[in-house]
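Some notes on the structure that comes next.
The values are calculated or read from the model by the stated rules, or taken from the named source; none is laboratory data. Here the structure is a predicted model, which is why all the values come from computation and not from measurement. Here the Cβ positions follow ideal geometry from the backbone for every residue, glycine too, while neighbour counts run over all protein chains shown. Protein only, heavy atoms only, side chains kept; ligands, DNA and RNA dropped before computing areas. Shrake-Rupley method; radii C 1.70, N 1.55, O 1.52, S 1.80 Å.
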Amino acid sequence: MAITLSVNGVARSVDVDGDTPLLWVLRDVLGMTGTKFGCGMALCGACTVHIDGQPTRSCITPIESIGSSAVTTIEAVGATAAGAKIQKAWLDREVPQCGYCQSGQIMSASALLASNPHPTDADINDAMSGNICRCGTYLRIREAIKQAAG
Ligand code: FES
Ligand code: FES
């Protein structure tokens, strides 16, 4: 079925089953591979995008559930004020190691900063607890979020 959705401010029409996860549409249909597949079961956070600003696991989000909501991905989050601050801090602090989890980390962190410009450690823990990093970059992630909020 033909479904139209807003991705990074652009209306995109895709011909997929309504229960197709957003992650598959982004990567396989639209060719936007910045959003990563990790677990496919809402356990790792690698696939995090924003839907109307809310961090959302795209691997378990059926395309038919999105409607007219705005999808923002790692490819465009740098155009937002919070996303730009987070990306700069990520570079300054050299946060990534292998990098696989990092687009999801940045999406969760930028959503946190947009809604809470001065997060406490507890706020950071709450916001980031669903994003797993096998390389253990958690300390640098915390430092970068604090720099971006500073
Ligand atoms: S791939 Fe979606 S949470 Fe792991
Ligand atoms: S940087 Fe390698 S999994 Fe996070």
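Every condition in (1) in contact with a strand residue (DSSP E or B) (Cβ under 8 Å, 6 or more places away or on another chain); (2) open to solvent by 30 Å² or more (accessible area, probe 1.4 Å); (3) within 11 Å of ligand 1 (Cβ to nearest atom); (4) of a type in the set (Gly, Ala, Ser) is met by Ser13 except one, and the failing one is (3). Specify which of the listed residues (Val77, Val95) is in contact with a Gly (Cβ under 7 Å, 6 or more places away or on another chain) and farther than 18 Å from Asp19 by Cα. On inspection, the qualifying residue turns out to be Val77.
Confirm whether Thr48 is surrounded by 14 or more Cβ atoms within 10 Å (Cβ to Cβ), polar (S, T, N, Q) and under 20 Å from Asn116 (Cβ atoms). So Thr48 fits the description; yes. Search segment 60-74 for residues being open to solvent by less than 10 Å² (accessible area, probe 1.4 Å) and within 14 Å of the chain's Cα centre (by Cα), and hand back the single one that is nearest to Ile3 (Cα to Cα). Among those that are open to solvent by less than 10 Å² (accessible area, probe 1.4 Å) and within 14 Å of the chain's Cα centre (by Cα), it is Val71.
Taken residue by residue, segment 75-86 has no member that is open to solvent by 10 Å² or more (accessible area, probe 1.4 Å), over 30 Å from Arg140 (Cβ atoms), more than 16 Å from ligand 1 (Cβ to nearest atom) and outside any loop (DSSP other than H, G, I, E, B).
Filter segment 91-109 down to the residues that are small (Gly, Ala, Ser), open to solvent by 10 Å² or more (accessible area, probe 1.4 Å) and not in a loop (DSSP other than H, G, I, E, B) and list them by number.
Taking segment 91-109 first, the residues small (Gly, Ala, Ser) are 99, 103-104, 108-109.
Right, trim to open to solvent by 10 Å² or more (accessible area, probe 1.4 Å) and you get 99, 103.
If the condition is that a residue be small (Gly, Ala, Ser), open to solvent by 10 Å² or more (accessible area, probe 1.4 Å) and not in a loop (DSSP other than H, G, I, E, B), then Ser103 is the only one that fits.
Quickly run through segment 42-51 and pick out the residues that are more than 16 Å from ligand 2 (Cβ to nearest atom) and under 12 Å from the mean Cα position of the chain (by Cα).
Val49, His50, Ile51
Name the residue, out of Asp123, Asp92, that is touching a residue at least 40 places away in the same chain (Cβ under 8 Å), among the charged types (D, E, K, R) and out of contact with any Ser or Thr (no Cβ under 8 Å at 6 or more places or on another chain). One residue alone meets the criteria, Asp92. When Ser68, Ser103 are checked against the criterion of being touching a residue at least 24 places away in the same chain (Cβ under 8 Å), more than 16 Å from ligand 2 (Cβ to nearest atom) and of a type in the set (S, T, N, Q), a single residue qualifies: Ser68. Number of residues in segment 32-41 that are away from ligand 2 (no atom under 13 Å from the Cβ) and in contact (Cβ under 8 Å) with a residue 40 or more places away in the chain: the value is 3.
The set of residues in segment 23-56 being near ligand 1 (Cβ under 6 Å from one of its atoms) and either among the small types (Gly, Ala, Ser) or under 16 Å from Glu75 (Cα atoms) (or both) consists of Phe37, Gly38, Gly40, Ala42, Gly45, Ala46, Cys47.
Answer with yes or no whether Leu112 is out of contact with any His (no Cβ under 6 Å at 6 or more places or on another chain), open to solvent by 40 Å² or more (accessible area, probe 1.4 Å) and part of a helix (DSSP H, G or I). Show your work before the answer.
On the way: out of contact with any His (no Cβ under 6 Å at 6 or more places or on another chain): yes; open to solvent by 40 Å² or more (accessible area, probe 1.4 Å): no; part of a helix (DSSP H, G or I): yes.
Answer is no for this residue.
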